[in-house]
Each structure stands twice: as C-alpha cells, then as structure tokens.
Amino acid sequence: MPADDAITHALDYADRWLAYRRWRLRVPGVQLAVRIGGELVLERAIGIADEATGEPLTNDHRFRIASHSKALAAIAAMRLVDDGVLRLDDPLGALVPALTGTDAAGLTVRELLSHGSGATRDGDDVAFWQLADDFPDADRLRSIATSGVARLDASAEFKYSNIGFGLLGLAIEAVTAQPYADALARLVLAPLGLEATSADIEGASQPLATGHSALHSSDVRAPLGSPSSRALAAATGAVSTAAELSDALRAVVDADDRLLSGTARRRMRQRQWSTSGRDGAVAGYGLGLQLREVDGRTWHGHGGAWTGQATRTLVDAERDVVVSVLANAIDAPAEELAVGVARILQAALEPAAELADDELALARSFEGSFASIWGRLDVVELGGRLLGIAPTAADPLASVDVLTPRGTDRVVIAAATGMGSGHEEAIAERDESGRVVRWRGAWHQHAVDPVPAEAATTA
C-alpha cells in the first residue's frame, strides 16, 4: 500500500469529518490547511463567512489569528537573534530606554517569549477585550509598564501575558528602527511570500471573515467587531489564512531553513514550562510556541482566541506536518478540531497494519456514512484498519469499533467501544453498484450522505 495513497485517503476522511463536525457544532465557517513536507496537501473552506449575509466562506478569507501573533513575533525575534541584533538574555530596559526605572526594565527577551516574565496578562482594565474600549496604544502600554507590570517574580512560573508580548513588540521596534508591522513584514512575511498575512487589521487585505458571538445565552450569533490591536499587535493582532498560517509556522520544523538557524528552531521548540491542557493533554510552552502531545508525539504551534474567532495550529517538527484550523465563532472548538484532524492523519502516518492490495480494496468497499435513530457511524479504513467511527464524538479515534471483513457481505466487530457489540457480525447490503447501503445484524444503519446537504458549502 503506497504511503501517499494512505495519507490521501486519511485526508479525504479528515475533510469529511471536519465538515460534519462544523455542521453539528453550528459553527458558521471553518478553514483548514494541512501541509506535509512543505506541500499544501489539503486546503478547505466550509460554511459561511457571515451569518447575516450568508456569504460563503472561501480559502481567501482572512481571519484574526489572535495569539498566533506570538509565534510570528517569536520567529521575528529569533531571526534578530540569529543576526546578532538581539540576545535572549538582553534586559528590556537596555533595548527600550523609555522603560528604564520600571519593573519591566529587568525582564529578559527569553522571559517575555516564554511567558516567564510574571507580567500582568492584560493590565488592570481589560475593557478592550469586551469591545468597550480601544486596545492600548504605545503610550498606554508604556504607562502600564510605568505603573508596574509585575504580578509574580520573573522566572518563577508560567504566567501568560499579552502585555509581555506587547513589550516584546516595543523591543523589536527599537532594535529594527521600524514600526512593528514593518519589521514583521521584513523579517517573516516577505521572505515567505505571505501576501494575505499582516501584523494587524490595518494592513489586512480583503476579504475578511466576520467574527460571531457564542451560543451560550442565545440561539442567534451576533457579528462582533474586529478592532486594531495597536500596541498589542505582537501579542494578538495578526491576520492570515489557514494556508499562509500553516506555511508561516512551518518555519520551526527541522527541515525548514528558510528563515531560522537550526539552533533557533530548536530553542523555540524546547519546553520552558509545563502547563495543563484543557482536555488533560500533556502541554507546555517554549519560546512563542505551545506544546501538546497527540498520541504520544509532541506537536508545537499556537492557538488564538479573538472577538468572534478561534484558531489553532499544530506542527509536527520532526515529520514536517502542519495542521491549521480557523473558525469564525468565539466558542468554536478550534483545538478539538485541529487535534481531530491530526489524529486522523497520524493514523496514516503510523499505520497499525499493512494490507495487501486485495485486502485494502475489500476493506474500503465497506466504507460510507450511515445513520439510525440512535446515531451516526462512519466506516473508514485508516492506517490498515477498518474502523467504525462516531463523528458525533469530539475525538474521532478515542473510541472506535475495529472491524474485520468476512467476505464481501459482513464484518466482525473485533473490538468494540464500551457497551458495543464486540465479537458480533454486522451484515452489509449493497446496491447494484456495490456500495453498502444498509447494515443489519449487530448494526441497523442506513447509508446517508457523508455530511448533511447544508454542511456542504465549500470552496
């Protein structure tokens, strides 16, 4: 079985799985990009860009990628380190004289990049995150620093800080003698040819995806504003597409020497702090990069939460694989969706079994999406195993039925989920074309379209 065929097959299922999850979760729109070895092997836009107008989402729509901005700022900073313009142990006060005499002056570049500075997360007035005030400009950021940013001793523990990355942006401006947006463009965006990516909304080209409110108190999503992040651009301001973001964060993989030295890439990925993932996964933080484990492998990258948008990128630096998911709802589970795609792809990258050509053809002949009054089931071959997957579950591979074909008309449920029908047979009924249209026996399921018709808006 050719490896590229297995990966292509897994990507096809990841595409269908994501489309169904978006529809089920009532997320307006989702962009997906997957890169392997630098090649964009999957680019997808599903759903709508704006619920009010019904405008279809396309691959060209730009999203606010929020805290992905930190990874971009870190790449820019590490380019300056490679060039000898900046050092990780430089104190901020030596780079930005206006901060001399403040408790921010002694914070090092390394502490800012790793969220080890102990600085306040957003300052004492966070009305800007509620769209009730403007984001801080440079004068207000310096005022925050003057009044005191310390909430913990530096290097005491992990403490996420947008203010810290805003201060890093001031340092980049100081050493480059350029506005932060221009420095990011020169150091990162232009060398990679990223024309749809910008440091903030002012430099963003059209079209822009509309951000939407959550469904926690209403059945109707409202459009949310997307203001300039001003002096917090290095922390949260950037705009991009899934395809370009996946290319930008690929800059930290082992095989990509377009921007950074091998030393700089390894330093960025090195765990500085251990943190707790919301789903219980082993997690941590490097220099401008989040770390999390997926099936025993460490993936790097970042996430982002903006007013009306949620985003996540996962990077397997050793295998040169990048998954980016961008969604235009504030409550969209971007992390869950990105991890789901990564797990499906990983099943093909690390196959559980090798099937002969005739065995593979037989296994795939059972594939399809099926439903009953009790639920929905996807039958799909991944990594040499025929699986029964519940696409209603947040994690596609956390709990699956493992199926063994017995001829062309039945499978044995060799391993079943929880209260399932292990060691029993499911009998397949096929139409004239050979497609499975109904299951009997252990299952009573009928063939349905892979995703509901209303989920199929794509670009």
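Ignoring ligands, DNA and RNA, what percent of the 1.4 Å accessible area of region 324-459 is carbon and sulfur?
Roughly 52 percent of what the probe reaches on region 324-459 is carbon or sulfur.
At q = 0.11, 0.14, 0.25, 0.26 Å⁻¹, what log₁₀ I(q)/I(0) does a Debye calculation on the Cα points of region 36-115 give, no solvent, two decimals?
Debye curve over Cα of region 36-115, log10 I(q)/I(0) at q = 0.11, 0.14, 0.25, 0.26 Å⁻¹: -0.54, -0.70, -1.22, -1.25.
Report the label-to-label distance for residue 160 and residue 394 in nanometres (one decimal), using points 7 Å from each Cα along the Cα→Cβ vector.
1.5 nm
Rolling a 1.4 Å sphere over the protein heavy atoms, what is the accessible area per residue of region 376-459, to the nearest Å²?
48 Å²
Looking at the square roots a ≥ b ≥ c of the eigenvalues of the Cα gyration tensor of region 1-50, which shape do they give, rounded for a/c under 1.5, prolate if a/b is larger than b/c, or oblate?
Oblate.
Give me the percent of accessible area attributable to carbon and sulfur for region 178-316, probe 1.4 angstrom.
48 percent
With every protein chain kept in place and ligands, DNA and RNA left out, what is the accessible area per residue of region 109-148? Probe 1.4 Å, answer in Å².
43 Å²
Given a Förster distance of 35 angstrom, what is the FRET efficiency for residue 373 paired with residue 39, based on the Cβ-Cβ distance and rounded to 0.05?
Computed FRET efficiency for residue 373 and residue 39: 0.25.
How many nm separate the modelled label positions at residue 448 and residue 132, each set 7 Å beyond the Cα in the direction of the Cβ?
If labels sit at residue 448 and residue 132, their model points lie 4.2 nm apart.
Compute the long axis of helix 3-25 from its Cα atoms, compare it with the longest principal axis of the Cα atoms of the chain, and write down the angle in degrees, 0 to 90, nearest 10.
Result, in degrees: 80.
So for the chain, averaging the separation of alpha carbon pairs under 8 Å that are six or more residues apart and normalising by length, what relative contact order in percent results?
Taking the mean separation of contacting Cα pairs over the length of the chain, I get 19 percent.
So what are the radius of gyration and Dmax for the Cα set of region 68-132, in Å?
When restricted to Cα atoms, region 68-132 yields Rg and Dmax of 13.6, 41 Å.
Which three extents, in angstrom, do the Cα atoms of region 92-170 have along their principal axes, listed largest first?
So the three principal-axis extents are 32, 26, 19 Å.
Show me the ranking of peptides 91-100, 366-375, 308-317 by mean Cβ neighbours inside 10 Å, starting with the highest.
In descending order of packing, they fall as 308-317, 91-100, 366-375.
Could you work out the relative contact order of region 309-459? I mean the mean sequence separation of Cα pairs under 8 Å and 6+ apart, divided by the number of residues, in percent.
With pairs under 8 Å counted, the relative contact order is 15 percent.
Volume per residue, Å³, of the convex hull around the alpha-carbon atoms of the chain?
Per-residue hull volume (Cα only) is 143 Å³.
Multiply the residue separation of residue 217 and residue 146 by 0.36 nm, subtract the distance between their alpha-carbon atoms, and state the gained length in nm to one decimal.
Between residue 217 and residue 146, full extension yields 21.7 nm more.
Show the residues, 5+ positions off or on another chain, whose built amide H is closer than 5 Å to the amide H of residue 275.
For residue 275, the qualifying residues are 283, 284, 285.
Taking only protein heavy atoms and a 1.4 Å probe, what accessible area per residue, in Å², does region 1-75 have with all protein chains in place?
32 Å²
Rounding to the nearest 10 and keeping the result within 0 to 90°, find how far the Cα-based axis of helix 138-147 lies from the longest principal axis of the chain.
80 degrees
Using only the Cα atoms, what convex hull volume per residue in Å³ does region 1-157 have?
196 Å³
Using only helices, what value at 222 nm comes out for the chain when you add -39,500 (n - 2.57) per DSSP H run of length 4 or more and divide by the total residues, to the nearest 500 deg cm²/dmol?
My calculation for the chain gives -8000 deg cm²/dmol from helical runs alone.
I need to check one value: relative contact order of region 214-305, counting alpha carbon pairs closer than 8 Å and at least 6 residues apart, in percent.
14 percent
Could you tell me what percent of the accessible area of region 9-137 is made up of carbon and sulfur, with a 1.4 Å probe and every protein chain present?
Carbon and sulfur together cover 44 percent of it.
Does region 158-308 classify as rounded, prolate or oblate by the C-alpha gyration tensor (a ≥ b ≥ c root eigenvalues; a/c under 1.5 gives rounded; else a/b over b/c gives prolate, otherwise oblate)?
Note, shape of region 158-308 comes out oblate.
Between residue 98 and residue 281, 0.36 nm times their residue separation minus their Cα-Cα distance comes to what?
61.8 nm
Using only the C-alpha atoms of region 383-459, find the volume of their convex hull and express it per residue in Å³.
143 Å³
Normalise the Debye intensity by I(0) for region 233-348, one equal point scatterer per Cα, no solvent, then take log10 at q = 0.12, 0.16, 0.23 Å⁻¹ and round to two decimals.
Those come out to -0.40, -0.73, -1.52, one per q.
For region 83-225, what does the alpha-carbon gyration tensor say about shape, rounded, prolate or oblate, given a ≥ b ≥ c as the root eigenvalues, a/c under 1.5 as rounded, and a/b over b/c as prolate?
Oblate shape, in that a/c is at least 1.5 and b/c is the bigger or equal ratio.
Which FRET efficiency value, to the nearest 0.05, do you get for residue 431 and residue 364 by plugging their Cβ-Cβ distance into 1/(1 + (r/R0)^6) with R0 = 22 Å?
Result of the calculation: an efficiency of 0.85.
The values are calculated or read from the model by the stated rules, or taken from the named source; none is laboratory data. What you are looking at is a predicted structure, and each value in this text was computed from that prediction instead of being measured. Methodologically, a virtual Cβ is constructed for each residue, glycine included, from the backbone with ideal geometry; neighbour enumeration extends over all protein chains shown. Side chains are part of the model used for accessible areas, which takes the heavy atoms of the whole protein and leaves out ligands, DNA and RNA. Shrake-Rupley method; radii C 1.70, N 1.55, O 1.52, S 1.80 Å.
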